[in-house]
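One structure below.
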Amino acid sequence: MDTKYCPSCGQEVPLERTLQGNYLMIACRNCGLGLGVKLASADELRKLSTPEQPSLARVEVVKRQRTISAAVEKPAPPDPRSAAPREAPPPPAPAPAPADIEAMKRATEGGPVRQMGQVMLAEDSQFLRQITRDLLLSQQLAREVVDCEDGVAFVEAYTRALAAGDRPDLVVLDVRMPGLDGQQAAFAMRAVETAMGQKRTPILFFSAVLCDEKFKGILQELGNARYIRKSEDGDAQQLGNRIVSVLGRLVGAR
Amino acid sequence: MARERILVGQDEAIVEAARPLVARIDAEIDLVAVGDGARCIVAFTKLIRAGKPPLLVVLDDTLARIDGEGCARSIRAIERAFEAEPVAILFYADEAADETRKGLLATLGRAVHLQRRAEPTDQQALRLAKALARLLKQVRGQ
């Protein structure tokens with residue numbers, strides 16, 4: 001276990017990284033972020049973590065004919081000064097296999113979710129952008145994912161898409177982003193839609209921030225918007241399950 | 001000649017007080033009051049899309065829904081999407097420009113900040129009209 005800034009909540013917290021089969025499991029003790037990254041093979045990871053490369057192991061993540069590179073730092077050695085035995089963290093559940101995904105889709109309300117065309121994603125953490133993109137594609141929720149690194153880039157990309165008659169099927173927004181946060185980006189997006197006489201694209205806020213009464217009011221005002229709290233899910237399967245469920249309601253609401 | 005527009009995201013009373021003052025500077029200019037940040041983006045996008053961008057946009061820091069900074073950043077994003085030239089932006093706000101604001105102005109380009117003094121509305125409107133007169137000269141290259 002080593003201490004790093006969590007890509008979800010941004011806090012400097014212990015990030016637990018364990019290897020389970022072909023999955024690298026990453027969990028944050030602060031917000032509960034749990035992610036599973038499928039590796040090409042467990043042997044490959046061991047080969048890459050050589051003594052010549054003590055601080056950094058490069059893991060090739062292969063999914064659906066795409067190769068994603070994720071830089072993974074090796075865990076720090078245990079501190080010899082800490083004499084008290086540490087409570088072992090509960091092992092995170094493995095990421096869903098394809099068969100589980102089908103069961104997950106059937107189990108969620110509203111039945112199977114149809115595959116969307118394009119999803120536009122605004123998330124300032126490169127790591128989470130990659131994971132969310134991977135989740136949407138691997139669960140066949142979207143055929144294409146357009147990444148935006150912040151709210152400003154998103155407003156530009158969304159406006160450009162509407163002007164070209166290429167409206168995405170769904171927008172996924174992080175709430176906390178530098179420059180233009182998710183809430184303001186969503187209002188700007190709705191304003192652009194109004195100005196261009198377009199329908200309201202469903203919005204899914206995906207954030208570690210609590211959805212309080214004020215934010216619920218904002219969701220209502222924006223219309224066709226839902227919220228997923230990253231930190232409620234302890235592992236990738238639960239998170240994936242809730243995303244599928246919320247997407248079903250969102251896409252069905254159009 | 002088509003009338004030109006200045007979008008003003010300020011208190012309604014200031015806009016109404018500034019309207020006759022600006023008309024004296026240039027009778028062909030319309031001050032368009034936008035109640036909040038979202039309405040400002042709607043009006044701006046419509047104008048850009050029609051190929052008739054506003055001469056200037058005046059923003060307050062405390063606009064509802066999208067604040068002044070968010071509005072300005074959105075405006076620049078929309079301009080890039082339509083491959084339009086950046087419109088001049090005037091922040092007319094209660095606070096003086098600190099280092100963060102100066103950094104924002106540099107990032108935005110073609111943006112200035114004017115502190116709104118704690119004085120009666122007609123005085124605030126006069127100060128705004130004078131600033132608009134100076135900026136219009138710059139915008140029109142006079």
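The values are calculated or read from the model by the stated rules, or taken from the named source; none is laboratory data. Since this is a predicted model, take the numbers as computed values, not measurements. A quick note on method: Cβ atoms are made from the backbone with ideal geometry, for glycine too, and the neighbour counts reach across all protein chains shown.
The residues listed here are A:VAL119, A:VAL145; of these, the one that is within 17 Å of A:ARG190 (Cα to Cα) and away from every other protein chain (no Cβ under 13 Å) is A:VAL119. In a residue-by-residue description of the stretch B:17-24, the property of being buried (at least 19 other Cβ atoms within 10 Å of the Cβ) and within 20 Å of A:ARG190 (Cα to Cα) applies to no position.
Looking at the stretch B:66-85, can you tell me whether even one residue there is without any contact (Cβ under 8 Å) to a residue 40 or more places away in the chain, within 14 Å of chain A (Cβ to nearest Cβ), of a type outside the set (D, E, K, R) and at positive phi? Looking through the stretch B:66-85, none of the residues is without any contact (Cβ under 8 Å) to a residue 40 or more places away in the chain, within 14 Å of chain A (Cβ to nearest Cβ), of a type outside the set (D, E, K, R) and at positive phi. Does any residue of the stretch B:30-50 turn out to be crowded, with 22+ Cβ neighbours inside 10 Å, more than 10 Å from chain A (Cβ to nearest Cβ) and over 22 Å from A:GLN198 (Cα atoms)? Checked the stretch B:30-50: at least one residue is crowded, with 22+ Cβ neighbours inside 10 Å, more than 10 Å from chain A (Cβ to nearest Cβ) and over 22 Å from A:GLN198 (Cα atoms).
All conditions in (1) within 11 Å of another protein chain (Cβ to nearest Cβ); (2) crowded, with 17+ Cβ neighbours inside 10 Å; (3) over 17 Å from the mean Cα position of the chain (by Cα) hold for A:THR201, with the sole exception of (1).
Screening the stretch A:159-178 for residues that are within 14 Å of chain B (Cβ to nearest Cβ) and β-branched (Val, Ile, Thr) and picking the one that is nearest to A:ARG229 (Cα to Cα) gives A:VAL175.
Taken residue by residue, the stretch A:131-148 has at least one member that is modelled with pLDDT of 95 or more, within 30 Å of B:GLY103 (Cβ to Cβ) and either among the hydrophobic types (A, V, I, L, M, F, W, C) or not assigned by TED's automatic domain parsing to the domain that holds A:VAL246 (or both).
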